[in-house]
Amino acid sequence: MERPLTGVARHVTRRPGPRPLSDEALSRLLADQRFGTLATVKRSGHPHLSTMGYVWDADARVLRFSTTADRVKVAHLRRDPHAALHVQGDDVRSFAVAEGEAELSDVTTVPGDAVGRELLGIASRFGPPEDEAAFLRQLADERRLLIRLQVTRLYGTALDIGGPDESGNG
């Protein structure tokens, strides 16, 4: 015999379920946020998760990340380029996931080279460096490179819960 729902569960189940977000809304969510969780594939097949700052190029459908050559995620992507980025909206009720294949740039080795300049573009989204030349030297010293995730699938939902009492108590 099924027990009747009580308390919060009774109210939550009466509300509509999550609604899929349009491609435009998903792209806007990616553009509005700056951090997400990048998932790469471990040798075991399990996901490896990293919180990453990123830049979204909606026209090219590319996510760009800065990392160092010695990171585990780089080794994972060299072996298997499949990756996904999960980005939460302004609250826990919405999210976007961008899936695709990642390309790794060369390591920036000369301050101001093409990779360094592209990395500078990513960093500028988080605030311009005080000393650009010193910053470009630091990128080369740290052996930084770019992860470019070419997005082939974009999906996500929003859960519309509103009203004066969002706790589910009525």
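Summary table
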quantity: Residue that is surrounded by the most Cβ atoms within 10 Å (Cβ to Cβ), among those in segment 126-149 that are among the basic types (Lys, Arg) and farther than 20 Å from Gly100 by Cβ; calculated: Arg144
quantity: Residue list for segment 97-125, restricted to those being in a loop (DSSP other than H, G, I, E, B), within 17 Å of Ala69 (Cβ to Cβ) and open to solvent by 20 Å² or more (accessible area, probe 1.4 Å); calculated: Asp106, Val107, Thr109, Val110, Pro111, Asp113
quantity: Any hit, segment 121-135, residues being aromatic (Phe, Trp, Tyr), more than 11 Å from the chain's Cα centre (by Cα) and modelled with pLDDT of 95 or more; calculated: yes
quantity: Selection from segment 69-96 of residues that are of a type in the set (Lys, Arg), at pLDDT 95 or above and open to solvent by 60 Å² or more (accessible area, probe 1.4 Å); calculated: Arg71, Arg78, Arg79
quantity: Residue check for Glu103: within 15 Å of Arg144 (Cα to Cα) and under 16 Å from the mean Cα position of the chain (by Cα); calculated: yes
quantity: Residues being in contact with a helix residue (DSSP H, G or I) (Cβ under 8 Å, 6 or more places away or on another chain), of a type outside the set (A, V, I, L, M, F, W, C) and not in a strand (DSSP E or B) - total across segment 126-147; calculated: 2
quantity: Residue in segment 148-168 that is touching a Lys or Arg at 6+ places or on another chain (Cβ under 8 Å) and assigned to a helix (DSSP H, G or I) present; calculated: no
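The values are calculated or read from the model by the stated rules, or taken from the named source; none is laboratory data. The structure presented is a predicted model; accordingly, all values stated were derived computationally and were not measured. Backbone-built Cβ (ideal geometry, glycine too); neighbour counts: all protein chains shown. The area values use the complete protein model at the heavy-atom level, side chains included, leaving out ligands, DNA and RNA. Shrake-Rupley method; radii C 1.70, N 1.55, O 1.52, S 1.80 Å.
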